[in-house]
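Written below as structure tokens is the structure these notes are about.
Nothing in this text is a laboratory measurement; each read-out follows from the coordinates by a stated rule. This structure is a prediction, so every number in the text was calculated from the model and none was measured. Note: ideal-geometry Cβ built from the backbone for every residue, glycine included; neighbour counts use all protein chains shown.
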Amino acid sequence: MSAAPDATIMDFAIGILVSLGASIMNALGLNLLKLDHVRNSQRSMHEQRNECGRPMWHLGLYLYIASQLVGSTIALS
């Protein structure tokens, strides 16, 4: 049957796109985490906040976690 090769090519293309998206999310999440740490370290000790009180830190962390879940679960299956 000729439908099987088309499905294999489509699955391959979807896997590539999901992997690329997960890599971008991973890099963005890690860069947001680092940016937040740098900005927080430039504040005085009295003005610094812990990680739980910094929204950018949460966004970076959740992007990183989502990228790992998407990359591991969808792209490799």
With only Lys, Arg, Asp and Glu charged, each at its Cβ (+1 for the first two, -1 for the last two), find how big the charge dipole of the chain is about the Cα centre; round to the nearest 20 debye. 440
Given Leu20, Ser41, Ile74, which one lies farthest toward the positive end of the charge dipole of the chain, if we put +1 on the Cβ of every Lys and Arg and -1 on the Cβ of every Asp and Glu? Ser41
Extension gain Leu69-Leu28, at 0.36 nm per residue separation less the Cα-Cα distance, in nm? 13.3 nm
Using the 10 angstrom Cβ neighbour count as an exposure proxy, how do Ser67, Ser44, Ser72, Ser23 rank, fewest first? Ser44, Ser72, Ser23, Ser67
Residue-averaged [θ]222 nm for the chain, counting only DSSP H segments that reach four residues, each worth -39500 (n - 2.57): -25500 deg cm²/dmol
Can you tell me the order of 10-20, 26-36 when each peptide is scored by its average per-residue count of other Cβ atoms within 10 angstrom, highest first? 26-36, 10-20
Using mean projected area of the Cα convex hull in nm² as the read-out, say which of [x] 5.3; [y] 4.9; [z] 10.5 was calculated from these coordinates. [x]
